[in-house]
1. With Gly124, Gly96 as the choices, which residue is at pLDDT 85 or above, over 16 Å from the mean Cα position of the chain (by Cα) and small (Gly, Ala, Ser)?
2. What are the residue pairs meeting all of these: first residue in the range 53-68, first residue in the same structural domain as Glu18 (by TED's automatic domain parsing), second residue basic (Lys, Arg) and assigned to a loop (DSSP other than H, G, I, E, B), Cβ atoms under 8 Å, and 6 or more apart or on different chains?
3. Go through His50, His16 for me and flag whichever is under 26 Å from Lys149 (Cβ atoms), modelled with pLDDT of 90 or more and not assigned by TED's automatic domain parsing to the domain that holds Gln143.
4. Hey, among Ala59, Ala38, Ala29, which residue is at pLDDT 95 or above and exposed (fewer than 11 other Cβ atoms within 10 Å of the Cβ)?
5. Cβ-Cβ below 8 Å, separation at least six or inter-chain, first residue in the range 132-154 and more than 16 Å from Tyr12 (Cα to Cα) and assigned to a helix (DSSP H, G or I), second at pLDDT below 85 and aromatic (Phe, Trp, Tyr): which pairs?
6. With Leu79, Leu47 as the choices, which residue is closer than 20 Å to Leu128 by Cβ and hydrophobic (A, V, I, L, M, F, W, C)?
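The values are calculated or read from the model by the stated rules, or taken from the named source; none is laboratory data. Just so you know, these numbers come straight off a predicted model, no measurement behind them. Positions of Cβ are backbone-derived with ideal geometry, glycine not excepted, and every protein chain shown enters the neighbour counts.
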Amino acid sequence: MIGVVMTAHGTYLKQHTEALVKDVGLEKACEITGKSKATLGRYYSDLPEHADRFMPISAVAELEKVSGYPHVTGALAELKGITFSYETGTKNSTGGNGVTSDVIALSQRFAQLMSEYHQSIEDGIITLNESKRLLRETQAIQQVLLSMKLNLEEEAV
């Protein structure tokens with residue numbers, strides 16, 4: 001059998017599919033989708049034999065209804081260069097609403113990203129786990145920026 005080479009987009013979608021399943025919880029994701037743990041694992045596996053297997057959009061939609069963040073939808077939007085607004089309580093919030101609290105949260109998240117980056121490049125190699133941590137911090141910054149955008153739009157009205 002000729003192996004399928006996964007594209008960068010495919011890898012990116014699989015990473016976000018994994019984040020979605022982990023957000024919901026593997027057991028609960030199995031219940032919601034009616035899929036086994038092994039099947040769900042294949043949807044986000046980076047092994048060559050699973051390169052062409054992706055979670056059905058109906059399963060993504062059901063999981064995103066109960067997840068804390070629409071991981072796959074966000075990834076698809078990013079791949080097309082689309083920005084969308086997602087309203088939710090921000091775990092980075094300093095307690096207040098508005099641009100000032102967003103700036104504080106943004107600076108805290110950016111400091112965390114720089115700390116993760118510094119740790120990752122100490123040995124000159126960014127490992128897969130380090131890359132995943134950097135990605136999580138980048139996504140956290142993106143969520144703060146979305147909150148900031150919404151607050152600025154609200155103040156502009």
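1. Working: Gly96 fails: at pLDDT 85 or above.
Residue meeting the stated conditions: Gly124.
2. Every condition considered, the pairs that remain are Ala59/Lys35.
3. His16
4. Being at pLDDT 95 or above and exposed (fewer than 11 other Cβ atoms within 10 Å of the Cβ) holds for just one of Ala59, Ala38, Ala29, which is Ala38.
5. Gln143/Tyr69; Gln143/Tyr86; Leu146/Tyr86
6. Just one listed residue meets the conditions, Leu47.
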